[in-house]
Amino acid sequence: MRVDQVIPSLASRDAIGVHSVNLTRALRAAGIESDIFYGTCTPDVAEVGRPVGMLGRRRRERFLLYQASIGSPVFDVLMAHDTPILVNYHNITPAGLLAPWEPTIAYEASYGRAQLERLASRSVLAVADSHFNELELQSLGYQKTAVVPLLIDMTRAGPSPDLATARRLAADKARGGVDLLFVGKVSPHKAQHDLVKMLSVYRRVYDARARLRLVGSPLGERYGPALTGFVHDLGLDGAVELTGSVGPSVLEAYYRAADVFVCASEHEGFCVPVVEAMGHGVPVVAYGASALPETVGDAGLVLGTKEPLRFAAAVRRVVTDDELRSRLFEAGLRRVRTFAAETSTARFVELLREATGA
């Protein structure tokens, strides 16, 4: 029995890429042969899988598992095979949230949603990483669905923090001011601009030395420069840091230095950084859009509005209310345990065994 994965892009610093690699390892450990076939990849993981052109024709008792997250020509290679198909759905951002800023990426998202709908009739099982995503699959006609969180470690366990970054962040903290953090692609649907608005209000009303760290690489070419310009126009050049892509040890330093994790995203299918923040004991204040209420549960403040003053007031409450902060800390650690990689891995493998008859 084989379950080979097909993925549009395999990247080492991408949650879906890490999830796919871990799934392959788990399948092999369970006695199910498995390889990854990618459309594109980052150089550091090129040897982990193979180009999709090497997928070859059907082998006996083989299933193909498609990692669906964006429109891709890899899909056409997948559909050319008469092999039974499994789907692992990680959500596709609605094109309307991207089109005004990044029309090319919006087209890819729209294309991906059309491809996802076409897969429904051929899917023998579709696994979503949240109930929010599962409902979308069901609305598209998928008959057999299940929910399993991503197979990645979202707990405090991780590399030692980068010393240079940790020292710089500690020096900033010694000068006073709260440290707010968001981790995610710099993209219009992640709405970093709303976090900048909130920070501007927070500094005027509560804490003139508050800082906002925005960790993540740009999704396209237009929104990032506009965000930088917006920061400058509000006079926040020294208060907002856009880090770009960072490695695991640098990211660890940012998590450890943060006082509050803030999220104003318009659309999330799961949101791994929220869980990572809880795993680091960092309280969460998030706008309650899409899957975020489901992911956060009772382990953070979930807001019904992004109005800057109300958002800032919620952050201030978390910063100053020791009892609330302690309660969120304990709830966060409990919540993280529900996403334990070991439990999710066992569940995913069992679902694939049932679907394939392995």
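The values are calculated or read from the model by the stated rules, or taken from the named source; none is laboratory data. Fair warning: this is a prediction, and the values are worked out from it, not measured in the lab. Glycine gets a Cβ as well: all are built from the backbone with ideal geometry, and neighbour counts include every protein chain shown.
Structure summary
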item: Long-range neighbours under 8 Å by Cβ, at least six apart or interchain, first residue in the same structural domain as residue 9 (by TED's automatic domain parsing) within segment 38-51, second aromatic (Phe, Trp, Tyr) and at pLDDT 95 or above; result: 49/37; 49/38; 50/37; 50/38; 51/37; 51/38
item: Selection status of residue 326, among the hydroxyl-bearing types (Ser, Thr, Tyr) and either in a loop (DSSP other than H, G, I, E, B) or surrounded by 15 or more Cβ atoms within 10 Å (Cβ to Cβ) (or both); result: no
item: Meets criteria (touching a Ser or Thr at 6+ places or on another chain (Cβ under 8 Å) and either among the β-branched types (Val, Ile, Thr) or more than 20 Å from residue 116 (Cα to Cα) (or both)) for residue 64; result: no
item: Criterion: surrounded by fewer than 20 Cβ atoms within 10 Å (Cβ to Cβ) and on the phi > 0 side of the Ramachandran plot - qualifying residue of 220, 184, 141; result: 141
item: Selected residue (criterion: surrounded by the most Cβ atoms within 10 Å (Cβ to Cβ)) from residues of segment 284-296 that are without any contact (Cβ under 8 Å) to a residue 40 or more places away in the chain and assigned to a loop (DSSP other than H, G, I, E, B); result: 289
item: Single condition residue 301 does not satisfy, out of (1) outside any helix (DSSP H, G or I); (2) modelled with pLDDT under 95; result: (2)
item: Test: residue in segment 305-322 that is surrounded by 18 or more Cβ atoms within 10 Å (Cβ to Cβ), at pLDDT 95 or above and not in a helix (DSSP H, G or I); result: yes
item: Any pair with Cβ under 9 angstrom, 6 or more apart, that starts in segment 200-218 at a residue that is free of Cβ contacts under 8 Å to residues at least 24 places away in the same chain and ends at one that is surrounded by 20 or more Cβ atoms within 10 Å (Cβ to Cβ) and not small (Gly, Ala, Ser); result: none
item: Some residue of segment 10-25 being at pLDDT 95 or above, polar (S, T, N, Q) and not in a helix (DSSP H, G or I); result: no
item: Filter result for residue 330 (of a type in the set (D, E, K, R) and either within 27 Å of residue 92 (Cα to Cα) or not assigned by TED's automatic domain parsing to the domain that holds residue 261 (or both)); result: no
item: Test: residue in segment 187-197 that is crowded, with 16+ Cβ neighbours inside 10 Å and over 30 Å from residue 18 (Cβ atoms); result: yes
item: Selection status of residue 87, of a type in the set (Val, Ile, Thr), at pLDDT 95 or above and either touching a Cys at 6+ places or on another chain (Cβ under 8 Å) or not in a loop (DSSP other than H, G, I, E, B) (or both); result: yes
item: Test: residue in segment 49-58 that is surrounded by fewer than 18 Cβ atoms within 10 Å (Cβ to Cβ), assigned to a helix (DSSP H, G or I) and modelled with pLDDT under 95; result: yes
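A quick yes/no check of all residues on (1) at pLDDT 95 or above; (2) buried (at least 22 other Cβ atoms within 10 Å of the Cβ); (3) assigned by TED's automatic domain parsing to the domain that holds residue 350; (4) hydrophobic (A, V, I, L, M, F, W, C):
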| site | (1), (2), (3), (4) |
| --- | --- |
| 93 | yes, yes, yes, no |
| 96 | yes, no, yes, no |
| 106 | yes, no, yes, yes |
| 110 | yes, no, yes, no |
| 113 | yes, no, yes, no |
| 117 | yes, no, yes, no |
| 123 | yes, yes, yes, no |
| 127 | yes, yes, yes, yes |
